[in-house]
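What follows draws every value from the coordinates through simple rules; no lab data is involved. Everything numeric here is computed off the predicted structure, so don't read it as measured data. Glycine also receives a Cβ, built like all others from the backbone with ideal geometry; neighbour counts cover every protein chain displayed.
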Amino acid sequence: MPRRTPGTDNRVLRVCRLLNRHRARYLIAGGVAANLHGSVRATRDVDILVPKDERNTERVLKALAELPYGVAGELDPLKVAGKPITIVGDDPRVDILTVAWDVTFERANRNKIVRRIAGVRVPYLGLRDLLRSKRTGRASDLADIEALSGLGATRKTRRR
């Protein structure tokens, strides 16, 4: 029986599969990225960090429009690219971030980690950028920082 990778489930892999198929540039952020680094945290949404780029945002929205309710198909790529966060209320809910606290895609992309999980390419924030993105002061983010802070020295991750 294949071992399940912590932090992933069918909804995360479904989102990544769609984004990859549409050749969108993105990085998994938020609670899912924390889980991928070894933290144990329940999260219902999938946060993605994307560049502030209208063409890429078009690809992201086309990909997410294939989710069950097609909500992303109704969104304007220019408006989404210009906002710090856009919540796509589909199944699963996807939060499109153009900045995660003060971490931009361009900054985080240099330090990203890429794993192949169940045949799906999953790019996500490196630990340093993830910790930086969690400096919001929210209770859940403070708990993530505490859980993740001890992982940097004990866990080696492959970068691409």
Separation in nanometres of the label points that stand 7 Å from Cα toward Cβ, at ARG107 and ARG93: 2.6
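Multiplying the sequence separation of ARG44 and ASN10 by 0.36 nm and subtracting their Cα-Cα distance, what value in nm do you get?
Full extension from ARG44 to ASN10 adds 11.0 nm.
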Of the candidates VAL114, ALA143, VAL80, the farthest towards the positive dipole end of the chain (Lys/Arg Cβ +1, Asp/Glu Cβ -1, centred on the Cα centre) is VAL114
The FRET efficiency for LYS79 and LEU142, from their Cβ-Cβ distance with R0 = 25 Å and rounded to 0.05, is 0.20
Virtual spin-label span in nm between ARG23 and ILE117, 7 Å along Cα→Cβ: 2.6
Give me the percent of Cα-Cα pairs in segment 10-148 that sit more than 23 Å apart, rounded to a whole number. 26
Peptide ranges 54-64, 125-135, 27-37 listed from the most packed, as the mean C-beta count within 10 angstrom indicates: 27-37, 125-135, 54-64
